[in-house]
Amino acid sequence: MAKIEEIDQNFKETQVETHDDVIFYSCLQEPFQIYGLLLPESAGSSFLRIPARVAEGINQDVAALNHNTAGGRVRFRTNSPYIAIRAKLDFINRASHIALTGSAGLDLYYDEGKGMIYAGTFIPPYDLNSTFNSLLELDSVSEREIMINFPLYSGVQSLEIGLQSGSTVNIGREYQYKTPVVYYGSSITQGGCASRPGNAYQSILSRKLDCDYINLGFSGSAKGEDLMADYIAGLPMSVFVYDYDHNAPEVRHLSNTHERMFLRIREQNPELPVIMVSRPKVRLSEAEKQRLEIIETTFQNALKRGDHHVYFIDGSKLLLKFGGDGGTVDNCHPNDLGFMCMAEGIGAVLKEALLTA
């Protein structure tokens, strides 16, 4: 049987080799700017989301997922008529219910003064093992802001940006909200199962509200540990959003850790806006209803103490606006429609919180 790329040319990969005027630059050099990630400490090491010593102190699963580059971005400005990448991944996470473009692909957005526009995805080959090259054509030679989203569920050891020889390359525009929004939570927070990185709800909100962010979603491994709470408490952040409901092993665990985590962070950040979110699931079991009550109790207790910098979002209502049952891939992880629903619901609260930050 013929391969799909032979039948439909839209499935064919664009090869960097077709352009003999491309020059590659390391994304670590100026004027490229990295957001949402810690830079590799040495040659051969990879990007991380939190310091290795902190991740290893929490548990080995967090230490492993720390290499996943969810929330990472590189931004710059250029007039090149195309953008190419050469990405070296130190591992690729594959799952049957998440697209390879989401777990290992990179997204390209550009802005010519009217907001970020999706230009395409640097699509990894199906048999990807480590390094892949990809190229996306833009519609003209024009000075524009460029943003590239890193993969959600793979590790990036190095990323090079390819531009046409002779093109300008300058520092990109700063975010309106320069101090990052920090998100902590489960696989949903990490971005599972968005079809591509730009469709995770934090990425949608970052473009819509023009705010920097850090994604501390750790798939199956976010359990509200004290060490994680203390690390987050020390971060510069404009707003803190947390929703690790799914990863609390049992109701008792959530009860023992949810308010505790909030208070540890609040102690060091007395006026920080904090948004508490329960799991984004439409129909809840009795145990899941108890979990929602625990999260809302943390919120209500804060209000009783006179805390006016807290917000609560009932996750069971988030997917109702557009998707409902159609908003997930497995009755747990959102698809792109589900993430759009989350962005709509959380975004309204986040916008208000940012105005008070």
Contact list, first residue from segment 70-85 and without any contact (Cβ under 8 Å) to a residue 12 or more places away in the chain and closer than 14 Å to residue 109 by Cβ, second anywhere and among the aliphatic types (A, V, I, L, M) and buried (at least 22 other Cβ atoms within 10 Å of the Cβ), beta-carbon distance below 7 Å, six or more apart or interchain, is none
Would you pick out the residues in segment 298-315 that are surrounded by 15 or more Cβ atoms within 10 Å (Cβ to Cβ) and either at pLDDT below 95 or over 22 Å from the mean Cα position of the chain (by Cα) (or both)? 298, 299, 302, 307, 309, 310
Looking at residue 169, is it hydrophobic (A, V, I, L, M, F, W, C) and open to solvent by 30 Å² or more (accessible area, probe 1.4 Å)? yes
For the list (1) of a type in the set (Asp, Glu); (2) under 24 Å from residue 347 (Cα atoms); (3) surrounded by 15 or more Cβ atoms within 10 Å (Cβ to Cβ), I need the number of the one condition that residue 230 fails. (2)
The correct count of residues that are in contact with a helix residue (DSSP H, G or I) (Cβ under 6 Å, 6 or more places away or on another chain) and among the polar types (S, T, N, Q) in segment 44-68 is 1
Would you tally the residues in segment 222-249 being in a helix (DSSP H, G or I) and over 17 Å from residue 313 (Cβ atoms)? 9
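Let's see how each residue does on (1) modelled with pLDDT of 95 or more; (2) hydroxyl-bearing (Ser, Thr, Tyr); (3) open to solvent by 30 Å² or more (accessible area, probe 1.4 Å); (4) assigned to a loop (DSSP other than H, G, I, E, B):
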{"position": "152", "(1), (2), (3), (4)": "yes, no, no, yes"}
{"position": "174", "(1), (2), (3), (4)": "yes, no, yes, yes"}
{"position": "192", "(1), (2), (3), (4)": "yes, no, no, yes"}
{"position": "205", "(1), (2), (3), (4)": "yes, no, no, no"}
{"position": "208", "(1), (2), (3), (4)": "yes, no, yes, no"}
{"position": "213", "(1), (2), (3), (4)": "yes, yes, no, no"}
Consider residue 98 against the criteria (1) modelled with pLDDT of 95 or more; (2) closer than 23 Å to residue 184 by Cβ; (3) of a type outside the set (S, T, N, Q): it satisfies all of them except one. Which criterion is unmet? (1)
Of all residues in segment 293-314, which are touching an Asp or Glu at 6+ places or on another chain (Cβ under 7 Å) and under 23 Å from residue 181 (Cβ atoms)? 295, 298, 309, 312
Residue that is nearest to residue 147 (Cα to Cα) [pool: residues in segment 93-110 that are in contact (Cβ under 8 Å) with a residue 60 or more places away in the chain and open to solvent by less than 30 Å² (accessible area, probe 1.4 Å)]: 109
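The values are calculated or read from the model by the stated rules, or taken from the named source; none is laboratory data. Quick caveat: nothing in here was measured; it's all calculated off a predicted structure. Note that we place each Cβ from the backbone using ideal geometry, even for glycine, and neighbour counts take in every protein chain shown. Surface accessibility is based on the protein's heavy atoms, side chains included, excluding ligands, DNA and RNA. Shrake-Rupley method; radii C 1.70, N 1.55, O 1.52, S 1.80 Å.
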